[in-house]
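Inspection log for the structure reproduced underneath, given as structure tokens.
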């Protein structure tokens with residue numbers, strides 16, 4: 001190459017730069033900031049001491065120093081009759097027992113009742129990915145695998161909800177889960193999915209994910225048959241921040257079960273990191289605490305495997321393996337395991353396929369919790385690992401490996417028939433109960449639609465009116481069954497009634513229960529008896545270090561350095577002047593905007609890249625345009641969006657407030673509502689525009705004036721909270737939570753907008 005200029009870069013890197021993988025971001029292993037999958041210097045050493053049959057020390061903590069989680073685990077999870085025997089077994093030996101084909105599952109389940117969280121985590125951390133998958137195949141509760149679907153849409157359109165639920169049933173999903181874009185639409189979504197799930201066959205269980213108290217009311221009305229939104233955390237601060245305790249969660253779980261509603265808890269690695277309360281401990285240890293809590297509550301199962309925290313867990317070295325490991329702990333504790341695979345942790349289809357494979361070939365009580373049976377942009381939980389776009393890919397994977405992933409292909413003609421039947425059945429219920437009269441054009445648009453972008457049906461605001469009627473008139477599932485029967489939908493009425501009857505018998509409250517061909521399958525009558533060996537390659541520590549040293553790693557310092565680039569520009573745009581402790585207002589023409597602790601102090605732009613000054617200015621102008629005044633208050637006691645908004649509302653003379661995080665998440669709240677039952681929420685900050693913020697502020701003013709405006713919905717096409725945002729967002733929120741001061745009073749501040757580049761006051 002002496003006569004030719006040597007290139008400065010191998011072109012293969014340009015090819016790699018254009019791959020979807022480059023859209024993922026990865027976090028450096030950093031235990032001090034919670035980015036550690038399996039081990040952290042802060043993790044306790046396993047141990048348990050008993051005196052007179054009582055636990056007096058657990059994992060290095062004396063009983064008198066137990067936090068609420070330790071106390072609950074020691075009292076309700078650990079069996080003093082088993083603990084000395086189980087804890088005396090070396091971790092290496094226990095790990096081998098998990099993959100020993102000659103040792104029955106029942107023996108290991110008995111020992112788990114005597115193992116502390118640190119011991120459970122220490123044992124499974126010794127297994128490589130292949131061994132974890134094998135042990136999971138041996139230890140899961142039910143022999144027959146199953147799957148769960150998300151059925152949602154961007155408009156909360158009940159017609160589309162019913163049609164998509166019918167398709168999910170036809171595909172073979174054992175459970176269907178819905179949620180809503182606008183929280184007030186809960187009851188309509190629940191009714192629509194309950195009807196759709198009764199089309200074609202009976203036995204698909206259904207839940208509506210909402211604010212916990214509201215969700216319990218819906219269950220009592222008979223619309224839902226299971227629940228899994230009772231969230232459990234591995235640090236005391238996470239519980240306190242959510243205004244809960246293990247005891248209150250256990251009480252709520254008992255309330256569901258006492259009324260014949262199958263229920264399990266939700267936890268998952270990364271959740272404490274996302275909340276900013278990781279205590280510098282590893283994700284696996286914190287999740288082991290969560291799972292011991294759940295077993296102590298007496299619930300029949302768990303939804304874990306990262307769940308909403310999976311995308312941040314997957315940014316850490318070994319994160320995917322950790323998600324498998326926490327699932328293994330769940331089944332070792334004899335819990336039904338809905339094994340995650342819901343939140344999409346990567347933009348790489350190769351990583352998607354790699355993540356699902358261990359669960360597909362080893363089986364799971366519920367492989368996904370849930371699979372996005374609808375298109376990604378219609379998935380109100382945010383895109384799942386697999387969505388409607390990839391559904392056929394999943395079916396082909398089942399074929400390729402001759403593995404049962406719980407799904408069955410559905411023909412084209414059958415899908416149209418099912419969708420038309422579901423839409424007609426729901427329309428008949430709406431007419432019979434005087435909830436609405438969908439036009440033929442509306443119904444036709446839904447039957448053929450792949451997603452909500454193709455429909456000409458209900459808007460979120462119209463759905464809110466329907467939902468309000470259902471709630472106010474006390475409509476129950478019995479009313480729906482009667483309406484179906486009277487309007488000629490006898491099969492659907494009978495299918496729905498059969499599920500309701502199971503609420504009386506309680507048969508599906510057994511561990512790991514699903515309904516197949518009209519018969520309850522569970523760990524009782526379909527116990528997992530699989531056993532088989534597994535050995536393989538083990539990565540050395542040296543090789544591991546080589547593997548984890550990749551490009552595009554982030555840490556908190558990098559985030560702060562990037563923010564510092566914007567600080568000078570913001571100084572020319574806005575001035576923040578602290579005044580005094582904020583007091584409750586009396587003027588009914590004001591809206592209070594509650595800012596997060598780091599807003600304009602350490603963080604200066606949203607995750608969409610908007611200057612915080614521009615966001616604040618657009619919101620101020622929108623409220624002023626309605627003739628109202630704005631008061632800004634900096635919250636020091638919380639960085640949580642819901643509590644920012646609720647605190648602002650309680651200070652506002654109008655009772656209406658806006659919560660605004662520096663990363664761009666925003667909420668409209670009313671002083672008379674529950675913390676997580678807001679009026680409107682912008683949860684997808686990375687795609688929220690300045691016009692959206694102005695619209696949100698205008699709606700806040702409208703609520704203050706006694707109006708009921710059309711909710712502002714940030715439309716997504718699946719990109720809302722992709723993996724590229726999770727590590728930066730978690731780091732940004734960690735910066736926020738570092739500034740939180742327990743019990744600190746809100747502080748009123750003046751915002752002075754400057755006209756760049758002159759610096760003149762506005």
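The values are calculated or read from the model by the stated rules, or taken from the named source; none is laboratory data. Values in this document were obtained by computation on a predicted structure and should not be read as measured data. Every residue, glycine among them, receives a Cβ derived from its backbone with ideal geometry; neighbour counts consider all protein chains shown.
Observations
- Single match in 137, 121, 112 (criterion: more than 28 Å from residue 56 (Cα to Cα) and either at pLDDT below 95 or under 28 Å from the mean Cα position of the chain (by Cα) (or both)): 137
- First in segment 714-741 and at positive phi and outside any helix (DSSP H, G or I), second anywhere and surrounded by 20 or more Cβ atoms within 10 Å (Cβ to Cβ) and at pLDDT 85 or above, Cβ under 8 Å, 6 or more apart: 718/375; 718/376; 718/377; 718/379; 718/383; 718/387
- Conditions (1) closer than 18 Å to residue 292 by Cα; (2) in contact with a strand residue (DSSP E or B) (Cβ under 9 Å, 6 or more places away or on another chain); (3) crowded, with 20+ Cβ neighbours inside 10 Å: number failed by residue 207: (1)
- Test: residue in segment 148-158 that is farther than 23 Å from residue 640 by Cα, in the same structural domain as residue 432 (by TED's automatic domain parsing) and more than 21 Å from the chain's Cα centre (by Cα): yes
- Any hit, segment 369-390, residues being within 24 Å of residue 133 (Cβ to Cβ), in contact (Cβ under 8 Å) with a residue 24 or more places away in the chain and out of contact with any strand residue (DSSP E or B) (no Cβ under 8 Å at 6 or more places or on another chain): yes
- Residues in segment 622-664 that are farther than 21 Å from residue 584 by Cβ and surrounded by fewer than 24 Cβ atoms within 10 Å (Cβ to Cβ): 622, 624, 625, 626, 627.
Results for (1) in contact with a helix residue (DSSP H, G or I) (Cβ under 6 Å, 6 or more places away or on another chain); (2) crowded, with 21+ Cβ neighbours inside 10 Å; (3) farther than 18 Å from residue 349 by Cβ, shown as yes or no for each residue.
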{"position": "381", "(1), (2), (3)": "no, no, yes"}
{"position": "396", "(1), (2), (3)": "no, no, no"}
{"position": "403", "(1), (2), (3)": "yes, no, yes"}
{"position": "409", "(1), (2), (3)": "yes, no, yes"}
{"position": "419", "(1), (2), (3)": "yes, yes, yes"}
{"position": "423", "(1), (2), (3)": "yes, yes, yes"}
{"position": "428", "(1), (2), (3)": "no, no, yes"}
{"position": "431", "(1), (2), (3)": "no, no, yes"}
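- Count of residues meeting criterion [under 29 Å from the mean Cα position of the chain (by Cα) and farther than 30 Å from residue 313 by Cβ] in segment 39-55: 0
- Breaking point among (1) closer than 30 Å to residue 510 by Cβ; (2) part of a loop (DSSP other than H, G, I, E, B), for residue 73: (2)
- Residue in segment 300-307 that is modelled with pLDDT of 95 or more, within 14 Å of the chain's Cα centre (by Cα) and assigned to a strand (DSSP E or B) present: yes
- Number of positions in segment 261-296 that are in contact with a strand residue (DSSP E or B) (Cβ under 9 Å, 6 or more places away or on another chain), part of a helix (DSSP H, G or I) and either buried (at least 24 other Cβ atoms within 10 Å of the Cβ) or at pLDDT below 95 (or both): 7
- Residues that are closer than 20 Å to residue 373 by Cβ and assigned by TED's automatic domain parsing to the domain that holds residue 257 number at least 3 in the following helices (runs of 4 or more DSSP H) confined to segment 412-509: 412-432, 440-448, 490-505.
- Only residues that are assigned to a loop (DSSP other than H, G, I, E, B) and either touching a residue at least 12 places away in the same chain (Cβ under 8 Å) or buried (at least 17 other Cβ atoms within 10 Å of the Cβ) (or both) were counted across segment 82-91, and they come to 2.
- Residue match in segment 611-632 (condition: touching a residue at least 60 places away in the same chain (Cβ under 8 Å), over 30 Å from residue 706 (Cα atoms) and outside any loop (DSSP other than H, G, I, E, B)): no
- Residue in segment 92-121 that is surrounded by the fewest Cβ atoms within 10 Å (Cβ to Cβ), counting only those that are out of contact with any strand residue (DSSP E or B) (no Cβ under 9 Å at 6 or more places or on another chain) and in a loop (DSSP other than H, G, I, E, B): 102
- Within segment 565-579, considering residues that are part of a helix (DSSP H, G or I) and either touching a strand residue (DSSP E or B) at 6+ places or on another chain (Cβ under 8 Å) or at positive phi (or both), the one modelled with the highest pLDDT: 570
- Any chance residue 58 is buried (at least 19 other Cβ atoms within 10 Å of the Cβ), closer than 18 Å to residue 279 by Cα and more than 29 Å from the chain's Cα centre (by Cα): yes
- Here the helices (runs of 4 or more DSSP H) wholly within segment 161-259 that include at least 2 residues being over 26 Å from residue 482 (Cα atoms) and either assigned by TED's automatic domain parsing to the domain that holds residue 375 or more than 21 Å from the chain's Cα centre (by Cα) (or both) are 212-220, 236-241, 246-258.
- Count of segment 644-656 residues which are within 26 Å of the chain's Cα centre (by Cα) and either modelled with pLDDT under 95 or assigned to a loop (DSSP other than H, G, I, E, B) (or both): 0
- If you go through segment 675-692 and keep only what is under 24 Å from the mean Cα position of the chain (by Cα), over 22 Å from residue 308 (Cα atoms) and touching a residue at least 24 places away in the same chain (Cβ under 8 Å), you end up with 679, 689.
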